[in-house]
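First comes the structure, then the notes that go with it.
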Amino acid sequence: NNLKGSVILIKDITRLRELEQQQERNQRLIAMGEMSAKIVHEIRNPLCSISLYASMLANDLEDVSKRELANGIATGINNLNSILNNMLYFARPSKPVMKPLNLKCITENCIKMFLPLIETREIKIKQSLKDCVIIGDAELIKQAIVNIMVNAIQAMHEGGILSISITKDYDMHCLEIGDTGYGIDENILEKIFNPFFSTKEKGTGLGLAIASTIMQAHSGYIKVKSKIKKGSIFSLCFPIKEEK
């Protein structure tokens, strides 16, 4: 009985620490989101002017090579606008349209999207999905899952195992997405959810920040476990729907 009590106590302390980390992360993301929204609005105004002038210039230029240079400016501005849209989405995500959803079905649809890429990279899928009902916005949840899956697949450069399962953790349904990639250094494990923090050369560092914001909007959170040279497991945790 004493041993059983000790195990329960350790689990409760671990759970409490996880909740504290989620609270700290949410507060940090809210502060960064407010700052990002202000930056986006300040940058967008001059960008719109530059885009307009570049388009007018391209239309007026008769020299084809110079016209292409002007069009190149417009293309660059469109790319910047795409980044700004992601920033704004992180800062002020769409208000979710909440409906009862089957988490298994949404996950299976996301897996189908990645099948060609998974096969190309010689990655094997290990699934353990079960029907479970959550309350949420299907498109937003799909975006959060996709962002996590992209990271998992990109972490495995030379094949590996993509493990996807649905488990129950206390009062939460958790979708676990694991990879057998290089893993994440413990020193940066909590920083990966910060916007613009990325370990990839061409990454914007917004994928996990957006996924975390989406989970926050669903009264849920993301957990992560990782070991160097072993891989990582990201868990998207949703509140269990109360039966009426």
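The values are calculated or read from the model by the stated rules, or taken from the named source; none is laboratory data. All values reported here derive from a predicted model rather than from experimental measurement. We place every Cβ from the backbone using ideal geometry, glycine too, and count neighbours over all the protein chains shown. Please note that ligands, DNA and RNA were not included when accessible areas were found on the heavy atoms of the full protein model with its side chains. Shrake-Rupley method; radii C 1.70, N 1.55, O 1.52, S 1.80 Å.
Restricting to the range 152-166, give me the number of residues that are in contact with a Ser or Thr (Cβ under 9 Å, 6 or more places away or on another chain), modelled with pLDDT under 95 and open to solvent by 30 Å² or more (accessible area, probe 1.4 Å). The number of residues fulfilling the criteria is 1. Contact annotation: residue pairs with Cβ atoms under 6 Å, 6 or more positions apart or on different chains, pairing a residue in the range 137-156 that is over 18 Å from ARG121 (Cα atoms) with a partner that is outside any helix (DSSP H, G or I) and of a type in the set (A, V, I, L, M, F, W, C), are ASP137/VAL97; ALA138/LEU101. Within the range 135-148, can one find any residue that is acidic (Asp, Glu), under 15 Å from LEU208 (Cβ atoms), in contact with a helix residue (DSSP H, G or I) (Cβ under 9 Å, 6 or more places away or on another chain) and modelled with pLDDT of 90 or more? No, the range 135-148 contains no residue that is acidic (Asp, Glu), under 15 Å from LEU208 (Cβ atoms), in contact with a helix residue (DSSP H, G or I) (Cβ under 9 Å, 6 or more places away or on another chain) and modelled with pLDDT of 90 or more. Take the range 225-237 and flag every residue that is buried (at least 17 other Cβ atoms within 10 Å of the Cβ) and either of a type in the set (A, V, I, L, M) or under 15 Å from the mean Cα position of the chain (by Cα) (or both). Result: SER232, ILE233, PHE234, SER235, LEU236, CYS237. Output the residue which, of all residues in the range 185-212 that are open to solvent by 40 Å² or more (accessible area, probe 1.4 Å) and among the polar types (S, T, N, Q), is modelled with the lowest pLDDT. Only one residue fits best here, namely THR204. Checked against (1) open to solvent by less than 70 Å² (accessible area, probe 1.4 Å); (2) more than 16 Å from the chain's Cα centre (by Cα), TYR182 meets all criteria but (1). All of (1) of a type outside the set (A, V, I, L, M, F, W, C); (2) on the phi > 0 side of the Ramachandran plot; (3) in contact with a Cys (Cβ under 7 Å, 6 or more places away or on another chain) hold for GLY159 with one exception: (3).
Reported count of residues in the range 29-54, each being surrounded by 15 or more Cβ atoms within 10 Å (Cβ to Cβ), at pLDDT 80 or above and not aliphatic (A, V, I, L, M), is 1. Among the residues of the range 84-97, those identified as loosely packed, with under 14 Cβ neighbours inside 10 Å and either at pLDDT 75 or above or of a type in the set (A, V, I, L, M) (or both) are LYS95, VAL97. Only one of the numbered conditions (1) in a helix (DSSP H, G or I); (2) within 30 Å of ILE240 (Cβ to Cβ); (3) modelled with pLDDT of 80 or more is violated by LEU69, and that is (2).
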